[in-house]
1. Where in region 1-103 are the strands (runs of 3 or more DSSP E), entirely inside, with at least 1 residues that are closer than 16 Å to I132 by Cβ and open to solvent by 40 Å² or more (accessible area, probe 1.4 Å)?
2. Anything in region 65-82 that is more than 17 Å from the chain's Cα centre (by Cα) and modelled with pLDDT under 95? List them, or say none.
3. Among H106, H72, which is the only one that is within 21 Å of E60 (Cα to Cα) and either polar (S, T, N, Q) or in contact with a helix residue (DSSP H, G or I) (Cβ under 9 Å, 6 or more places away or on another chain) (or both)?
4. Return the residues of region 83-133 that are acidic (D, E), in contact (Cβ under 8 Å) with a residue 40 or more places away in the chain and touching a Phe, Trp or Tyr at 6+ places or on another chain (Cβ under 9 Å); say none if nothing qualifies.
5. Just to verify a result, which residue in region 119-170, among those that are open to solvent by less than 30 Å² (accessible area, probe 1.4 Å) and assigned to a strand (DSSP E or B), is nearest to I76 (Cα to Cα)?
Amino acid sequence: MKRLPYQISTLLYCFNEQDEVLLMERAQEPNLGLWSPCGGKLDTLVGESPYACASREAREELGLSLSSSELHLAGIISEQGYQGQSHWLMFLFEVKARLNALPAVHREGRFAFFARAALAALKLPQTDRERIWPWFWAHRGGFFAAHCRCHADGRNEWALLESRASQRGS
């Protein structure tokens, strides 16, 4: 097994009143030129929690002030050997409040809202397209945990480790 640094991040799944999802076209790595939820890396040097990181990223990238109670932990994804560069541990949060405006362009990228069906035509990270988005939709309002072993040849081996359906029936 290749020894690589571990990156810990949060992703924010935000929706508007039409239930369109907010995505950022990334202007820098990782995932340069691809559409993904906004978010960022935990400040591990100060012991930042995933919830605190999600709240900070919402403030920095979206101009939103969110408390932990305004976030729903929708999933946890670990990616082993992503792009041969690092391992990732990602906390996926759905923002409970609906957005009523498009956030301003940010140094990390530009934002747009998309209907669920439109995601199929977008340039998305491979792991997002393969499993993360399908599992997010299937578990929306619930929770899932998964692991992906990323191979150098582009293949990914996935394991769904925990799966809890929504209690709200959505």
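1. Qualifying strands (runs of 3 or more DSSP E): 6-13, 71-82, 86-95.
2. Across region 65-82, the qualifying residue is only G81.
3. Numbers: H72 fails: either polar (S, T, N, Q) or in contact with a helix residue (DSSP H, G or I) (Cβ under 9 Å, 6 or more places away or on another chain) (or both).
Residue meeting the stated conditions: H106.
4. Hits for region 83-133 are E94, D128.
5. Only one residue tops the list, namely A145.
The values are calculated or read from the model by the stated rules, or taken from the named source; none is laboratory data. Everything numeric here is computed off the predicted structure, so don't read it as measured data. Cβ: placed from backbone, ideal geometry, glycine included. Neighbour counts: every protein chain shown. Just the protein is used for accessible areas: all its heavy atoms, side chains included, with ligands, DNA and RNA removed. Shrake-Rupley method; radii C 1.70, N 1.55, O 1.52, S 1.80 Å.
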